[in-house]
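To start, the structure itself, in structure tokens.
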Amino acid sequence: MKGLIFKLLIICFVSLNLFSCKKDDTFEASIFDTTDTLDVHSATYQFDSWLRTNYLNTYNLDFRYKMQDVGSDMEYNLVPTSFEKSQQMAKLIKYLWFDAYGAVAGPEFLKEYGPKIIHLIGSPAYNPISGTMLLGTAEGGIKVTLYRCNDVDPTNLTQLNEYYFKTMHHEFAHILHQKKNYPVQFNQISKGLYSPLGWQNKSASEAASLGFVSPYAASQIREDFVEIIANYLIKSDTEWNNILTLASKAGVDNSNKTLPDDGVDGKAIILQKLAMASKWLNDSWNIDIVKLHTEIMYREAHINDILN
Amino acid sequence: MKNKLYILLCSAVLICAGCSNQESAIFSTSPAERLKSALKMDTDSLQNAENGWEMEYFATKQSPGYTLLVKFSKSGQAIISEKSELTNNSIITDSCMYEMIGDNGPVLTFNTYNKVLHAFSNPVSPNGYGLEGDYEFIIMKRTANQIILQGKKRGTTILLNKIPKDITWEEYFAQIDDMNTLLFGGTTNSLNMVIGTDTLEAINGASHIFKISKQGSDPQLDGVDYPFIITTTGIRFNSPYTINGNDAQTFTLSTDKQQLQCTNSSVKAYFIGTNPAKYYLSDSTTVWNFSLSKPMGSKFQTLYNKLVTNCQNKLSEKFSNLYFRNTASRGSYTLSFKSGKYIGYFDIQRINIGQNKVKFEYKGTSDVNGTYYLNNIEGFNELIQYIGKTYIVSADIAFNLNTIKFTAEDDATISFYVFR
């Protein structure tokens, strides 16, 4: 009986506790401007309006050129992109990346599968200890961060491709394979040849001779997969054939020393990887990689149309 | 069991009372609304400074301070200027966007690149780290004429001081330059810092990072680094110097320019320059020229004029210079002169008699030219007599001993300046 009273009191105790706080507080009005209008008095109004029309309304994408420290990797020392370079990047990215995909895969493709946020960072993200720098990241298929934007030179196609557009196609390929995985057979092609910590010590020749399109492709399987796509898309036919030629020769290291025969047919491996990636793009996403490459090359040849 | 029941009943009563749904409101608005309001007030305050703000910027707690001038427009644009060794001592200006955001409380962010401000944060140089400065700042305190910021990553305290309306930015930078030259433009590397009863030695001021040590110790080995910034009125340490419970941080140049006096210490604290006599005597390599642009005492001026006139009249030579130096060919410290193309030397010795005094003595020897002028040109004998006295050594600006003054102890009309 005593035990029963004790239990009942505990129930009362808990009940009182619950019911005494039954009335919820009412929420205050939102502090945010829910009408979300742009400030016509802002120095950036014209550009912000352009971004709204060309990115937010067209691709459902928030183009963040005003750097948000909390939205970046706080481990790195970083700086924002200049307003001038942000405008150049916005035009270039739309023309050479988004509209190129739009022309080949249809206008809805990037709206549905593309990143929802592009965040520009002015400086590279250096890792002084390893001596490497980050050019881009893709987070959860949602956000692409592009670094080193203050160095962009719209008249230098080689630089544009190497530091920015290869990164963009690279990161977007990550987003796509995070949604639909790449073929498991790809994991077997260069098994045992990846070097997550030592890739930066490989020369382009050494990497190619082992069947990688770039030294970074030799870091991990998933990087290898997206590097094949990114490099094929942005390299001219001559540049691509140069990689294949390099891959068919014995590797030469960074000190210009010819390496011993690795027993790998680099060219055949790269072509095998490209074929697998092409099929995956076609089967999973209905994207013809050759058409997309051709579209990008055409746009690169006409880049002055958007810069003037 | 009874005890348990009592405890439970009492607890229930207390909980009932404690959970009353009528909480008394401490603030009349929600936290979000208060933050929004604070952001608005901070933004208004930044924009309302008609001539902008002086930003006393320290990249890290180990870095010297730099003066940036910033103006915030209502369109969200900030214009920032700097003049320092980082800008090759010319004024550079750039604009960028700024915003007040709710982050760690109200935060001021400069969120597009500005080549002035972001030079402190850019990792490109050196070594992939850069100078490691902040470009996002938490607003710590705001008054009408000053806003105290704290760097978000590095935690350095950075002041924004409202710039008076009646001064141009060029003039403002010039005032900073003048203060820097006045304090550290000389070659003296050592100042004395007095806090209460403690006297310390502060070296390397020209780098804007004092190395401070107790007198008598080796400042290079035992000194502790104290970064500071030059202001229009003096200097300010990045963080207070503390000794025996006494703090000192902000120092203002005294009206007579002889001291930097602390304005925020509970005890008397100040910087004074090196004793000019001690400095002069410790230096053995400098050529000290007599100054013609600074006033001479009346008797010495008369003598100098006599030398000029007599050299011209008797030898048709222009008497152009008097100077002290160590002359290797004489193996002696000398009082030297130049008349026409001739240079002559009188051998003298400098005697340290302590405090702020130097005694000169003519050794009675000179080179051929010295002897000739001494014997043939009126005034040179008088010059030797004048020099062979005890002099009080002083400096118009105690911090800059590039120019020092000698005044005869027994006759204030015998005085002259020398400069290096």
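From the square roots a ≥ b ≥ c of the eigenvalues of the alpha-carbon gyration tensor of chain B, which class results: rounded (a/c under 1.5), prolate (a/b over b/c), or oblate? Prolate is the answer for chain B, as a/c is 1.5 or above and a/b outweighs b/c. Pairs from the list A:Lys85/A:Lys180; A:Lys111/A:Lys273; B:Lys40/B:Lys162; A:Lys91/B:Lys83; B:Lys61/B:Lys141; B:Lys278/B:Lys363 with a Cα-Cα gap above 30 Å: A:Lys85/A:Lys180; A:Lys91/B:Lys83.
Rounded to the nearest 20, the size of the Cβ-charge dipole of chain B about its Cα centre is 400 debye, with Lys and Arg at +1 and Asp and Glu at -1. Mean per-residue shielding of peptide B:93-101 is 3, counting Cβ atoms of other chains within 10 Å of each Cβ. Both radii were evaluated on the Cα set of the range B:134-197; the Rg over Rh quotient, with Rh as the Kirkwood radius, amounts to 1.10. Note on the protein assembly as shown: Cα-only Rg and Dmax are 37.8, 135 Å.
Dipole size of the range B:97-235 about its Cα centre, with +1 on Lys/Arg Cβ and -1 on Asp/Glu Cβ: approximately 400 debye, rounded to the nearest 20.
So which residue, out of A:Gly141, A:Gly263, A:Gly102, gets the largest mean-square fluctuation from a GNM of chain A using Cα contacts under 10 Å as springs? Per the Cα network of chain A with a 10 Å cutoff, A:Gly263 tops the list. Below 15 angstrom from the Cβ of B:Ala38, what's the summed charge of the other residues (Lys, Arg +1; Asp, Glu -1)? Once all neighbours under 15 Å are counted, the net charge is 0. Which residue, B:Thr143, B:Thr252, B:Thr67, has the most motion in a Gaussian network model of chain B that connects Cα atoms within less than 10 Å? Greatest mean-square fluctuation among the candidates belongs to B:Thr143. What does the charge add up to near A:Gly102, with Lys and Arg as +1, Asp and Glu as -1, over the other residues with Cβ less than 12 Å from its Cβ? Result for the neighbourhood of A:Gly102: -1. Across peptide A:39-48, the average count of Cβ atoms from other chains found within 10 Å of a residue's Cβ is 3.
The ratio of the alpha-carbon radius of gyration of the range A:181-224 to the globular-protein estimate 2.2 N^0.38 Å is 1.07.
Expressed as a whole percent, the proportion of Cα-Cα pairs in the range B:157-280 lying more than 24 Å apart is 26%. Among the aspartates and glutamates, which have Cα under 13 Å from the Cα of B:Lys268 when same-chain residues fewer than 8 positions away are ignored? Leaving aside aspartates and glutamates fewer than 8 places away in the same chain, those within reach of B:Lys268 are B:Asp198, B:Asp247. Of all the options B:Thr403, B:Thr285, B:Thr233, the one that moves most in a Gaussian network model of chain B with Cα springs shorter than 10 angstrom is B:Thr285. Inter-chain Cβ neighbour count for B:119-130, averaged per residue, equals 5 (cutoff 10 Å, partner chain atoms only). Remark: accessible surface ordering of A:Ser209, B:Ser90 (largest first) is B:Ser90, A:Ser209, probe radius 1.4 Å.
For A:Glu75, B:Glu33, the ranking by accessible surface with the largest value first comes to A:Glu75, B:Glu33, using a 1.4 Å probe. Legend: residues B:Ile229, A:Ile117, sorted from most to least accessible area (1.4 Å probe; ligands, DNA and RNA excluded), read A:Ile117, B:Ile229. At the residue level, A:Val252 shows approximately 40 square angstrom of accessible surface with a 1.4 angstrom probe and all protein chains present. Computed over neighbours whose Cβ is under 15 Å from that of B:Asn204, the net charge equals -4, Lys and Arg +1, Asp and Glu -1.
Scaling against 2.2 N^0.38 Å puts the C-alpha radius of gyration of the range B:279-419 at 1.00. Taking amide H positions as modeled 1.01 Å from N, with prolines and chain starts lacking one, the residues under 5 Å from B:Gln259 and 5 or more places away or on another chain are B:Ser254.
The values are calculated or read from the model by the stated rules, or taken from the named source; none is laboratory data. The shown structure was predicted, so the numbers you read here are calculated from the model rather than taken from an experiment. Cβ sites come from the backbone with ideal geometry, for glycine too, and all protein chains shown count toward neighbours. The protein model used for the area step is the full one, side chains on, heavy atoms only, and it has no ligands, DNA or RNA in it. Shrake-Rupley method; radii C 1.70, N 1.55, O 1.52, S 1.80 Å.
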